[in-house]
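Every read-out reported here was derived from the displayed coordinates using simple, explicitly stated rules and does not represent laboratory data. The structure displayed is predicted, hence computed values, not measured ones. Virtual Cβ from ideal backbone geometry, glycine too; neighbours counted across all protein chains shown.
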Amino acid sequence: MNSTQPTPSAQSTPSAQSTSSAQSTSSAQSTLPAAVESYINATNAFDATKLHESFAEDAFVNDARREFWGKDAVQRWLDKEILADHVTMAVTDSCEHQGIVIVHAAMNGDYDKTGLPDPLILTHYFTVRDDRIVTLIIIHNEPNAA
């Protein structure tokens, strides 16, 4: 992979077109913002306190086209969709593009996998402000048709 471009699956979306300003990291979490690294580590450790602390009071999450607004709604989503299902994520790639941190991760857990690809790679789009996640959008991108 060219170290100055987002991953191929990220390139299929308009917000992540290759530009010289994109900063790519090859799955090394140490280069991610602290809030994103904390989210990933807390997810994998099933640490509810750290997960909840990763988000700002006015956070917004969109997961599978469902919206969760505000810290209370985000915490309920985390408890039900991440912690209860023992979701884990193995980062396969990440990059930063114009202030958005894009993380591709192989997902696993105790959720219903019927009809899902194996491995299930989801793209997480994070926006961080004041060391907290303010926006998280999770998408299962389709391969680029080009």
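A viscosity of 1.567 mPa s and a temperature of 4 °C, combined with the Kirkwood radius over Cα pairs in Stokes-Einstein, give a translational diffusion coefficient for region 36-127 of 95 µm²/s.
Within 10 Å, count the other beta carbons around each residue, average over each peptide in 117-124, 64-71, 51-58, and list them highest first.
Listed from highest to lowest mean packing, they are 51-58, 117-124, 64-71.
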